[in-house]
Amino acid sequence: MGSAQSLPRRRYRGLRKFARNKAAVVGAIIVAFAVLVALLAPWISPYDPIATSFMTVRQAPGALHWFGTDELGRDILARMIYGARASLAAGVVSVGIAVIVGVPLGLLAGYFGRWVDAIVSRLADALLSIPFLILAIAMAAFLGASLTNAMIAIGVSAMPRFVRLARAQALTVKAEDYVEGARAIGLTDARIIVRYILPNVLPPIIVQASLTVATAIIAEASLSFLGLGQLPPLPSWGSMLNTAKDFVEQAPWMSIFPGIAIFLTVLGFNLLGDGLRDALDPREQ
């Protein structure tokens, strides 16, 4: 009875620990707010983000345009709201690509070892030898300027992190007694990986994914700033900064608000990732 009663407590211990972490809760609130803004963009945006008005060019923040207007008279608040869609999509989709490709490769390398491990590890090492952002810029330039190609480039650039992490976790878990027991009763390698290895690998993968989303958002903003991401007139925070760099003195609000949005969103994902890392730490379970 005592063991049965302690099971629910262990199950919700991580959630309670996360809730007690004030920084993690703040990060979760920031991320939730950004996601809601992106999802509700058509209903909460005060203006059409691509509608121009040469009567309101570079208008300072005021009652009609809370965040001011840009060089074509477009409302900056509306463009930031719709730009959240591009930035968050780039972060989530690119990390999804990295996880979908990298985790299975890492699991196979760690579980089977030998030549599989040698090939996968050398490939990951080769990609890791190139700085993340440099590799993303090179791939985006090769694929062509578009948000889709930017997400693919960021995803491939982030993939080695998940390969290494999944491989290291698989090497640790496959030596456990319950995995040896599963082999002894005749379970196939595929079933052992899916049923025993993968569930134990997921917590660190989730933490790494949340932290990598922040990196991916910065990478997308950098690519868009260089003209390799979201193409005009569709908004993204990086492309808005690219435009704003020519009007820093005349219209500083054009760069201030997108910069704050990138900073807060990246901060939110980092705080969330740190909180998840503490809450999912197996040493605390």
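The values are calculated or read from the model by the stated rules, or taken from the named source; none is laboratory data. Predicted model only: the values in this text are computed from it and were never measured. Don't worry about glycine lacking a Cβ; one is built from the backbone with ideal geometry, like all the others, and counts go over all protein chains shown. What goes into the accessible areas is simple: the full protein's heavy atoms, side chains included, and nothing from ligands, DNA or RNA. Shrake-Rupley method; radii C 1.70, N 1.55, O 1.52, S 1.80 Å.
By the gyration tensor of its Cα atoms, with a ≥ b ≥ c the square roots of the eigenvalues, what is the shape of region 83-135: rounded for a/c under 1.5, prolate for a/b over b/c, or oblate? It is oblate, given that a/c is not under 1.5 and a/b is not larger than b/c.
Axis of helix 253-279 versus longest Cα principal axis of the chain: the two differ by about 10°, to the nearest ten degrees. Here the accessible area is traced with a 1.4 Å probe on the protein chains. For the chain, carbon and sulfur cover 68 percent of it. In summary, the aspartates and glutamates within cross-link reach of Lys22, defined as a Cα separation below 14 angstrom excluding same-chain residues under 8 places away, comprise Asp274, Asp278. Within the listed set Ser157, Ser53, Ser87, the Gaussian network model of the chain (springs between alpha-carbon atoms below 10 Å) gives the highest mean-square fluctuation for Ser53. Think of region 146-266 as having a plus end and a minus end, set by charges on the Cβ of Lys, Arg, Asp and Glu; of Gly227, Gln169, Phe247, Gln169 sits farthest toward the positive end of this dipole. For region 26-83, which chymotrypsin sites (Phe, Trp or Tyr not before Pro) are both in a DSSP coil and crowded by at most 10 other Cβ atoms within 10 Å? Hits after loop and neighbour filter: Phe54.
Shown are Asp117, Asp246, Asp125, Asp75, whose ranking by accessible area with a 1.4 Å probe and every protein chain present, most to least, is Asp246, Asp125, Asp117, Asp75. Compute the acute angle (0 to 90°) between the alpha-carbon long axis of helix 22-39 and the principal axis of greatest extent of the alpha-carbon atoms of the chain; round to the nearest 10°. Around 60 degrees separate the two axes. Whats the longest run of the chain with zero GluC sites (Glu not before Pro) that are DSSP loop and have at most 13 other Cβ atoms within 10 Å? Result, exposed sites excluded: 1-175.
Between Ile134 and Val35, what is 0.36 nm times their sequence separation minus the Cα-Cα distance? Round to one decimal in nm. The partial results should precede the final answer.
Details: separation 99, 0.36 × 99 = 35.64 nm, distance 2.80 nm.
Taking 0.36 nm per residue and subtracting the Cα distance, the gain is 32.8 nm.
Accessible surface for region 100-241, divided over its residues, is 46 Å² per residue with a 1.4 Å probe. Rounded to the nearest whole Hz, the Karplus-based 3J(HN,Hα) values (6.51 cos²θ - 1.76 cosθ + 1.60, θ = phi - 60°) of region 106-112 follow the sequence x, 5, 5, 5, x, 7, 8, with x at glycine and proline. Matching the structure-derived log10 I(q)/I(0) by the Debye sum over Cα atoms at q = 0.07, 0.13 Å⁻¹ against the labelled list (i) -0.34, -0.93; (ii) -0.38, -1.09; (iii) -0.48, -0.92 gives the label (i). Taking the chain as the reference, fit the longest principal axis to its C-alpha atoms, fit the long axis of helix 2-20 to the helix C-alpha atoms, and give the angle between the two in degrees, 0 to 90, nearest 10. Helix 2-20 and the main axis of the chain meet at about 30 degrees. For Tyr47, the residues whose amide H sits under 5 Å from its own are Ala78, ignoring neighbours fewer than 5 places away on the same chain, with H placed 1.01 Å from N.
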